[in-house]
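Bear in mind that the values in this text are calculations on the coordinates, not laboratory data. If you're wondering where the values come from, they're calculated on a predicted model, not measured in any experiment. Please note: Cβ atoms are built from the backbone with ideal geometry, for glycine as well, and neighbour counts cover all protein chains shown.
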Amino acid sequence: MFLCNWQRIFISNYQQLAEISGEHKRIENSRCGKKTGISERQIYVQMKADTFPRSITLTAGKNASKGWVECEIDEWITARMDER
């Protein structure tokens, strides 16, 4: 069976999302920024430096829908609090 790139990406992202249990929710860029108190740009800078949880992509293309697993953001916040 031949799959286009966007189909592979969709299946991969669907599998990622399926692995998230019911207690974990996906949050979008604006909510992630509000929850952490840092700008969207800074979130991506920290992701690139591997100091912030990686986002998950739910759709392919130029206007891809991205988000974060809320429990991973909560763990990141807790780790920052433990560092002080």
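Here are the numbers for the structure shown:
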| read-out | value |
| --- | --- |
| Cα-based reach from residue 35 at 19 Å (exclusive), listing lysines while leaving out same-chain residues under 8 positions away | 25, 66 |
| Karplus-derived HN-Hα couplings along segment 57-71 (A = 6.51, B = -1.76, C = 1.60, θ = phi - 60°), whole Hz, x at Gly and Pro | 9, 9, 9, 8, x, 4, 9, 4, 8, 10, x, 10, 7, 4, 5 |
| Listed peptides 34-45, 66-77 by packing density, highest first (mean Cβ within 10 Å) | 66-77, 34-45 |
| Debye equation applied to the C-alpha atoms of segment 23-83, log10 I(q)/I(0) at 0.16, 0.17, 0.18 Å⁻¹ | -0.49, -0.55, -0.62 |
| Eligible lysines near residue 62 by straight Cα distance, threshold 21 Å, same-chain separation 8 or greater | 48 |
| Stretchable slack from residue 81 to residue 63, in nm (0.36 nm times residue separation minus alpha-carbon distance) | 3.1 nm |
